[in-house]
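Colleague: My questions will all concern the structure given below.
FYI, it's all coordinate maths here, none of it is from the lab. Everything quoted here is computed from the prediction, not taken from an experiment. Neighbour counts are summed over all protein chains in view; Cβ atoms, including those assigned to glycine, are modelled from backbone coordinates with ideal geometry.
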Amino acid sequence: MLYQMHEFQRAVLSPLTAWAQAASKSFANPASPLAYVPGATRLSAGYELLYRLGKDYEKPEFNLHQIVKDGHKIPIVEQTVIEKPFCRLLRFKRYADDSDAVTQLKDEPIVLVCAPLSGHHSTLLRDTVRTLLQDHKVYITDWIDARMVPLEDGAFHLDDYVDYIQEFIRHIGAKDLHVISVCQPTVPVLAAISLMASRGEDTPRTMTMMGGPIDARKSPTAVNSLATQHSYEWFENNVIYTVPPNYPGIGRKVYPGFLQHTGFVAMNPERHAASHWDYYQSLMRGDEEDAEQHRRFYDEYNAVLDMAAEYYLETIQIVFQEFRLAEGTWEVAGELVRPQDIRRTALFTIEGELDDISGSGQTRAAQDLCSGIPEKNKRHFTAEKCGHYGIFSGRRWRTIIYPQLRDFILEHNKPLKAEKKEKVEAQQA
């Protein structure tokens, strides 16, 4: 019933928010007589805030159409490379007319960004992708809202997530690929590459793990505590609901995005309340730049998706309750996940000092699990004064973290011919 009640609330709020938006514009537009009544600015700001608080937030677009590189404007075209029931593999293809620029773009490293499937859309990594496009060919996983996936397309398990990642890696080509996983996907990505290594398949040149729960026992956060304080059955009985009739996924069992969003807000209610108050004050002052920054953040933050129930519950059990990856007991489709079998893929782990979602040491745990990787091919970095979102977006990401990631990828991006030549020279010396 909760999902139906949520939909009823949306239906009720829809005309109210539309009216609030219209009222806000009426008190702000110089062409409107209402803009000149006493207190018009205050009324406009209040109605605008009401509209923002009540409106429905749809999935945002990436809107990455162009970057500026070395003084040249480089057009970007978003392409769907592979389309699966629960995920699309996107590529942001760069174009250039200058022959030298084309050659430079062609020779740059290829990266696959594995976006989290944990409530928000992959557009949350827009800043990550925009920054990476300066020096890389970029692919990203774009997860699909489970309520939009018809029931006849089948279930989606954590094992399927691992299979998807492997399929994407094989399609792009593992030998020249660098994989970056942000938050939740660090676990299935490490599993995917581990299984490929165990089978003797080619594995990516590098894998970068950023702020993820590789070993959620270390420095547990509020997110970890919630998972350990309740049983699997509690989650199954209290947070899983059925998609209502007004969506293509009618009848599918999901963990609704609106519940996830409520949890996000509940973690820092004072901060969100203060942010909305600041937004109101910005509107009062006429500070459009600050107001627009607030809109951009909450357009993304408030846009959430539903997750398939089986995937969500298995993640809770395997990652946050039984710690199977860290314990060495996780099996995917009957195959044991053995990170120690990875030998040819370099590893970079990144954590934020102030991360309140993936605690200190949770991501770094991959360093010990991947014992087969030579120490010279391992690196770890803890970003000081950096929270969870600051790891992959914002000023610290662009000025502190990204340069280290870019250099790490370049260090391990030597052409295969050059690597073989170095080995031969080393043997002859």
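Colleague: Measure nothing fancy, just the Cα-based angle from helix 257-267's long axis to the longest principal axis of the chain, in degrees from 0 to 90, nearest 10.
Modeller: 90 degrees
Colleague: Quick one: net charge of Thr203's neighbours, Cβ under 13 Å, K/R +1, D/E -1? If you can, show how the numbers build up before the last one.
Modeller: On the way: positive: Arg170, Lys175, Arg199, Arg205, Arg338, Arg343, Arg344; negative: Asp176, Glu201, Asp202, Asp341.
Neighbourhood net charge equals +3.
Colleague: Can I ask one more? Say R0 is 22 Å: what FRET efficiency, to the nearest 0.05, do Glu61 and Glu83 get from their beta-carbon distance?
Modeller: That gives a FRET efficiency of 0.80.
Colleague: Size of the dipole of the chain about the Cα centre, Lys and Arg at +1 and Asp and Glu at -1 on the beta carbon, nothing else charged, in debye to 20? Walk me through the numbers before you get to the answer.
Modeller: Details: 48 positive and 58 negative charges, 157 e Å.
About 760 debye.
Colleague: Arranged from highest to lowest average of other beta-carbon atoms within 10 Å per residue, in what order do the peptides 179-189, 304-314 appear? Let's see the in-between values first.
Modeller: Values: 179-189: 27.2, 304-314: 22.4.
Highest mean packing first, the order is 179-189, 304-314.
Colleague: When a/c is below 1.5 the answer is rounded, else prolate if a/b is larger than b/c, else oblate, so apply that to the range 4-129 with a ≥ b ≥ c taken from the square roots of the Cα gyration tensor eigenvalues.
Modeller: It is oblate, given that a/c is not under 1.5 and a/b is not larger than b/c.
Colleague: Further question on the same structure: Express in whole angstrom the spacing between the alpha-carbon centres of the range 310-333 and the range 222-259.
Modeller: 17 Å
Colleague: With the cut-off at 1.5 for a/c, could you classify the range 144-254 from its C-alpha gyration tensor as rounded, prolate or oblate?
Modeller: Oblate is the answer for the range 144-254, as a/c is 1.5 or above yet b/c matches or exceeds a/b.
Colleague: Relative to the longest principal axis of the chain, what angle (0 to 90°, nearest 10) does the C-alpha long axis of helix 402-411 take?
Modeller: The answer is roughly 20 degrees.
Colleague: What does the net charge come to around Leu410 if you take all other residues with beta carbon closer than 12 Å to its beta carbon, with K and R at +1 and D and E at -1?
Modeller: Here the count lands on -2.
Colleague: Next question. Select from Val243, Val265, Val113 the residue whose mean-square fluctuation is largest in a Gaussian network model of the chain (Cα-Cα springs shorter than 10 Å).
Modeller: For the chain, modelled as a Gaussian network with Cα springs under 10 Å, the answer is Val265.
Colleague: Then there's this: Would you please name the chymotrypsin sites (Phe, Trp or Tyr not before Pro) within the range 56-128 that are DSSP coil residues with at most 14 other C-beta atoms within 10 Å of their C-beta?
Modeller: Qualifying residues, ordered by number: Tyr95.
Colleague: Please sort 136-149, 326-339, 22-35 by packing, taking for each peptide the average over its residues of neighbouring beta carbons within 10 angstrom, highest first.
Modeller: Packing proxy ranking, top to bottom: 136-149, 326-339, 22-35.
Colleague: Please check: in the Gaussian network model of the chain (C-alpha springs, under 10 Å), which one of Asn377, Asn413, Asn268 has the largest mean-square fluctuation.
Modeller: Asn268
Colleague: So which trypsin sites (Lys or Arg not before Pro) in the range 162-261 end up in coil per DSSP with only 15 or fewer other C-beta atoms within 10 Å?
Modeller: Taking the range 162-261 and a limit of 15 other Cβ atoms within 10 Å, the loop trypsin sites (Lys or Arg not before Pro) found are Arg199.
Colleague: Measure off 7 Å from each Cα along the Cα-to-Cβ vector at Arg398 and Arg295, then give the distance between these two points in nanometres to one decimal.
Modeller: 2.0 nm
Colleague: Related question: Taking a label point 7 Å from the Cα of Ala222 along the Cα→Cβ vector, which residues of the range 109-123 have an amide N closer than 19 Å to it?
Modeller: 118-120
Colleague: Oh, and also: Looking at the chain as a GNM with Cα springs under 10 Å, which of Gly387, Gly286, Gly251 has the largest mean-square fluctuation?
Modeller: Comparing Gly387, Gly286, Gly251 in the GNM, the peak value goes to Gly286.
Colleague: Now a separate question. Working out 0.36 nm times the residue gap between Trp234 and Leu13, then minus their Cα-Cα distance, what length gain in nm do you get to one decimal?
Modeller: Values: separation 221, 0.36 × 221 = 79.56 nm, distance 3.09 nm.
Roughly 76.5 nm would be gained on extension.
Colleague: For the range 58-132, which GluC sites (Glu not before Pro) pass both filters: DSSP loop (anything but H, G, I, E, B) and at most 11 other C-beta atoms within 10 Å?
Modeller: The qualifying sites are Glu58, Glu61.
Colleague: Assign one of three labels to the range 202-307, namely rounded, prolate or oblate, based on the Cα gyration tensor with a ≥ b ≥ c the square roots of its eigenvalues; rounded applies when a/c is under 1.5, prolate when it is not and a/b is larger than b/c, and oblate otherwise.
Modeller: Since a/c reaches 1.5 and a/b is larger than b/c, the shape of the range 202-307 is classed as prolate.
Colleague: In addition: Pairing the Cα long axis of helix 158-172 with the longest principal axis of the chain, what angle in degrees results, from 0 to 90 and rounded to the nearest 10?
Modeller: Computed tilt is about 70 degrees.
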